[in-house]
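**Q** One structure, as structure tokens, below. Some questions next.
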Amino acid sequence: MSVCFFWGTTYLGIRMALESFPPLVLVCTRFLISGSVMLAAGWMLGVPFPRGRELTRTAFNGIFALAIGNACLTIAELWVPSGLAALILTTSAFWTVGADAVLPGGERLRLPTICGLIVGCLGAVLLVAPAAGNSGSGGDLLLGLVLLQLSCLAWAYGSIRQRRLDTESHPIINGAVHQLVAGIVCLPFALLIPSDPIVWRTRGVVALLYLVVFGSIVGYSSYVYAMEKLPVALVSIYTYVNPVVAVLLGWFVYREAFGMREAVAMGIIFVGVAIVSRYNRPAGAIELD
């Protein structure tokens, strides 16, 4: 429930927080706080931590899933409406299948899966086609859409690697490591890359705190735990719920456009994701160097 609902609200939370914080500052601050809090709580409770090569691999997976994946999403929301961003990220299911097929021990793509990928891609094309013909601000929108696909790729790669990692540490602690490492990796970029100054607005600060608590500590921890403990088919339900929540909130707060074309495209993408989820088996745990 927390993955399905809270993650759907984080797209709006990111857009609100960007009213106060530059993208990389937002990502860095969010994950440094959430990762530190969770690791401190885990240490006090005596929860098993990853060590040695397991820690190195967990940190590496966090760089892809969050430092790259979430940073690209956050930057993209400078130009892409939050609801549209959530719809585009639905295609992360396709990238996950691709990453599973490419990585050692993964399942080869089968005909029904390929058909599902094609259906989903057609829906994504229908969704973003108007931006391809625009000029001016349309160029920024296209850049945002490219960043969202990079976010999907990085997220899928990090998630698949973490799922396959044979670990003895607690899944929630692994999620905390992901977050702290993401914050540390983004810190020098946040400090060195020129950006707009921080604007201290109540709504932006509240949005940041919401992302820390419900997006990271609650939402991401629940996702990592579910990925390690539950069937992939069950976890994938969030893929359908998140965009609906994000679209409704984006329309309610910012009056983001959502018409018949967007609704049809969303339906087509959901069909593609359903086909891929139906015919793609969950990946087993293997060692990844």
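**Q** Testing Ala93 on (1) at pLDDT 80 or above; (2) under 22 Å from the mean Cα position of the chain (by Cα); (3) not β-branched (Val, Ile, Thr), one condition comes back false. Which one is that?
**A** So Ala93 meets the others, but not (1).
**Q** Need at least 2 residues that are open to solvent by 50 Å² or more (accessible area, probe 1.4 Å) and touching a His at 6+ places or on another chain (Cβ under 9 Å) per element, so show me which helices (runs of 4 or more DSSP H) inside segment 28-105 make the cut, counting only ones lying wholly within it.
**A** none
**Q** Yes or no: Ile217 modelled with pLDDT of 80 or more and either loosely packed, with under 14 Cβ neighbours inside 10 Å or not acidic (Asp, Glu) (or both)?
**A** yes
**Q** Let me ask something else about it. Have a look at Leu150, Leu209 and point out the one that is open to solvent by 70 Å² or more (accessible area, probe 1.4 Å), among the aliphatic types (A, V, I, L, M), over 30 Å from Gly272 (Cβ atoms) and modelled with pLDDT of 90 or more. It would help to see each step written out before you state the result.
**A** Details: Leu150 fails: over 30 Å from Gly272 (Cβ atoms).
After ruling out the rest, the residue left standing is Leu209.
**Q** Would you call Gly69 of a type outside the set (D, E, K, R), closer than 19 Å to Pro243 by Cα and at pLDDT below 90?
**A** Working: of a type outside the set (D, E, K, R): yes; closer than 19 Å to Pro243 by Cα: yes; at pLDDT below 90: no.
Spelling it out, it is not the case that Gly69 is of a type outside the set (D, E, K, R), closer than 19 Å to Pro243 by Cα and at pLDDT below 90.
**Q** Which members of segment 17-27 meet the condition of being more than 20 Å from the chain's Cα centre (by Cα) and open to solvent by less than 20 Å² (accessible area, probe 1.4 Å)?
**A** The answer is Ser20, and nothing else.
**Q** Starting from segment 165-180, take each residue that is modelled with pLDDT under 90 and open to solvent by 10 Å² or more (accessible area, probe 1.4 Å) and list its partners that are small (Gly, Ala, Ser) and part of a helix (DSSP H, G or I), counting only C-beta distances under 6 angstrom and pairs at least six apart or across chains.
**A** Matching pairs, first to second residue: Ile172/Ser221.
**Q** A further question follows. Need a quick list: helices (runs of 4 or more DSSP H) entirely within segment 227-289 having at least 1 residues that are of a type outside the set (Ser, Thr, Tyr), modelled with pLDDT of 75 or more and open to solvent by less than 80 Å² (accessible area, probe 1.4 Å). Show your work before the answer.
**A** Numbers: elements: 232-235, 238-254, 260-279.
By residue number, 238-254, 260-279.
**Q** Let me confirm something: among Gly175, Gly144, Gly204, which residue is farther than 24 Å from Trp79 by Cβ and of a type in the set (Gly, Ala, Ser)?
**A** Step by step, each of Gly175, Gly144, Gly204 is checked, and only Gly175 is farther than 24 Å from Trp79 by Cβ and of a type in the set (Gly, Ala, Ser).
The values are calculated or read from the model by the stated rules, or taken from the named source; none is laboratory data. These figures come from a predicted structure and were not determined experimentally. Cβ sites come from the backbone with ideal geometry, for glycine too, and all protein chains shown count toward neighbours. Accessible surface is based on the protein model in full, side chains and every heavy atom, while ligands, DNA and RNA are left aside. Shrake-Rupley method; radii C 1.70, N 1.55, O 1.52, S 1.80 Å.
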